[in-house]
1. Suppose the chain between residue 220 and residue 99 were pulled fully straight at 0.36 nm per residue; how much longer would it get relative to their current alpha carbon spacing?
2. May I ask you to list the lysines whose Cα is less than 25 Å away from that of residue 49, ignoring any residue fewer than eight positions away on the same chain?
3. Which value in Å is the Kirkwood Rh of the chain over different Cα pairs?
4. Which of rounded, prolate, oblate describes region 48-131, given a ≥ b ≥ c as roots of the alpha-carbon gyration tensor eigenvalues and a/c under 1.5 marking rounded, otherwise prolate only if a/b is larger than b/c?
5. How large is the helix-only mean residue ellipticity at 222 nm for the chain, computed as the sum of -39500 (n - 2.57) over DSSP H runs with n ≥ 4, divided by its residue count, in deg cm²/dmol to the nearest 500?
6. Using the alpha-carbon centroid of each, what span in Å lies between region 132-166 and region 176-223?
7. Test of understanding: in a Gaussian network model of the chain with alpha carbons linked when under 10 Å, which of 253, 37, 62 would top the mean-square fluctuation ranking?
8. Output the relative contact order of the chain, whole-number percent, from Cα pairs under 8 angstrom with separation of 6+ residues.
Amino acid sequence: MAGRFDGKVVLITGAASGIGAATARRFAGEGARLWLGDLDEEGVEALAKALDPSGERVGAQGLDVRDMDGVDAFTQAAVDRHGRLDVVFNNAGIGAYGQVQDLDPKAWHDVIDVDLNSVYYGCRSAVPRLKASGGGAIINTASISGTHGDYGLAAYNAAKGGVLNMTRTVAIDHARDGIRTNAVCPGPIETALTAPLLASEELMQVYRENIPMGRVGRAEEIASVVAFLASDDASYVNGAAIVVDGGVTSWTGQNNFTRVLESGSR
Ligand SMILES: NC(=O)c1ccc[n+]([C@@H]2O[C@H](COP(=O)([O-])OP(=O)(O)OC[C@H]3O[C@@H](n4cnc5c(N)ncnc54)[C@H](O)[C@@H]3O)[C@@H](O)[C@H]2O)c1
């Protein structure tokens, strides 16, 4: 599939780590020119250098997605650098644990800023530049935490739910501009974000039991879906929320009857 993105320019936020970095590798491997941003300036510059030591095809910059003007300047820099813009992957994100009554309000605002407001900034900056390039694709990283509730993740659930529904609005508002807008909804994926959770053997055991596929996912398994959504293979996919979760959200959350009734067989 090499060359699927030949001549295309792809912007990725949160590109220094995890899903963003895996997606950068995937697009680079398929011929894209990249413009990568992350709060971790050193990390994102190191990734760009590893992907393209010449610096011609892959560029990177420090970026704080909480800064609306900064996001706009970063998006314009992709055009200045590579001459056009075809794909925008709004991916940077953070988490915070807390039920509504005890969540630190600062943590609430941080999560809404980084996970939701940033996607608004990314979309508002992307639309006119994608239009100027004759159309393109926006992919927003939502989550299964945007389609369902999690115990103790009030802010994260609110932000990701917002990302999902705003994705639908942008999708219908700009379909006639030739812009397809979709969301990817990862389940539990092994990255720096989830490392503290996955370090617990007790939690891993619960994951192995509750994820129908019996394992957490890899960042590359999200990257391949993002690349699909960005590609012409998805030419009629618009406003979709693609769940990539090993089957977690296909389960009602009721008792595992098979495990209970045939104890020991699952
Ligand atoms: N890992 C999972 O299980 C999972 C599941 C569902 C959704 N997601 C979402 O996937 C996205 C990527 O997460 P990940 O798992 O790869 O985590 P990660 O921590 O490995 O990567 C996130 C990146 O975002 C960057 N970032 C954080 N705040 C930023 C800011 N203000 N400005 C710019 N960059 C910033 C970080 O420096 C980091 O490089 C996030 O939106 C996350 O909510 C992850």
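1. On the way: separation 121, 0.36 × 121 = 43.56 nm, distance 3.13 nm.
Difference between extended and current length: 40.4 nm.
2. 8
3. Values: mean 1/r = 0.0529 Å⁻¹.
With all distinct Cα pairs of the chain included, I get 18.9 Å.
4. Details: a/c = 3.26, a/b = 1.94, b/c = 1.67.
Note, shape of region 48-131 comes out prolate.
5. On the way: 10 runs with 111 residues, N = 266.
That comes out to -12500 deg cm²/dmol.
6. Rounded to whole Å, the Cα centres lie 14 Å apart.
7. Fluctuation is largest for 253.
8. Values: 523 pairs, mean separation 47.2, N = 266.
Relative contact order for the chain comes out at 18 percent.
Taken together, the values in this text are just the output of simple stated rules run on the coordinates, not laboratory data. The structure displayed is predicted, hence computed values, not measured ones. Using ideal geometry, Cβ is built from the backbone for each residue, glycine included, and neighbour counts are taken over all protein chains shown.
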